[in-house]
Amino acid sequence: MEPQLIIIALALAALVGVSLGLLGGGGSILTVPILTYVLGMPPREAIAASLFIVGATSAVSMIGHAKAGRVRWKAGLLFGVAGMAGAFAGGILGGLIPGAILMVLFAVMMIVTATAMIRGRKNQAAKSSAAEHTPALVRILLDGFLVGIATGLVGAGGGFLIVPALNLLGGLPMAIAVGTSLLVITMKSFAGLGGYLFSVQLNWPIVLAFTATAFAGSFAGVALAGRVPERALRKGFGIFVLVMGAFVLVQELPPLITSLTGA
């Protein structure tokens, strides 16, 4: 592997950490394409590595949010336990699906997520009045399980699905939803990784170097949390994710169609 590519990948890893620390999500949406297209990892290995990198970085980012009182442990643990079950199942299933199909699913997840981010959340006025209500247990568990399957299957869709769920269903203020999502992401990521390790082996020196660089970025992200205007940040990042998703889809869909049709 060329040293220049490793340097570029590590520089981009810092952005992964900033995203997780600042937004409570977006790590895998960046990590999987970096590992796949910059470092040349096979899709399943990239997804598994992403689960480790994002899980470890989320755990580190969560510490800063917890110290600031921005983690709701009860809601996060309930959502996280359900998400772990879904992520483990998704990780096992992902190990059985061809890599090209996984990357197309990943691209679709990116585009759907980006569209939701750009459109923004409705019912902004309602969230403050609902902030102190405990979410319905069944809805939290079901939401957690479904988000967990998506995370385990394609290594993405964690934070940007969890944050709105905690914000709207759980009635948590945005800053607290971001901090709590990091607890959930940590739990789900390692559960999904456990499922993948039945069928994938990781290049641990590369993975650990990427993770260490993401750690550094996460500290900057946590420090910026609450200081950057949320609407502008989410729209800008949403556009970036949309472009990334379209790029992955253009790269992966034509060869997949060709292989399926035998053309």
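Taken together, the values in this text are just the output of simple stated rules run on the coordinates, not laboratory data. Not measured: the values here are computed from a predicted model. Every residue, glycine as well, gets a Cβ built from its backbone with ideal geometry; the counts of neighbours run over all protein chains shown.
The table below gives the values:
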{"read-out": "Ellipticity estimate at 222 nm from DSSP helix runs (n ≥ 4, -39,500 (n - 2.57)) divided over the chain, nearest 500", "value": "-26000 deg cm²/dmol"}
{"read-out": "Length-normalised contact order of the chain in % [C-alpha pairs under 8 Å, at least 6 apart]", "value": "37"}
{"read-out": "Residue order, fewest to most beta carbons within 10 Å, for T31, T151, T113", "value": "T113, T31, T151"}
{"read-out": "The chain: most fluctuating residue of V163, V228, V147 per GNM, C-alpha cutoff 10 Å", "value": "V228"}
{"read-out": "Cα-only radius of gyration and Dmax that characterise the range 1-98, units Å", "value": "15.1, 46"}
{"read-out": "Highest-fluctuation residue, A82, A114, A209 considered, GNM on the chain with Cα pairs under 10 Å", "value": "A209"}
{"read-out": "Cα radius of gyration and Dmax for the range 3-261 (Å)", "value": "17.0, 55"}
{"read-out": "Cut-off of 10 Å, at most 11 other beta carbons, DSSP loop: longest stretch of the chain lacking such trypsin sites (Lys or Arg not before Pro)", "value": "1-121"}
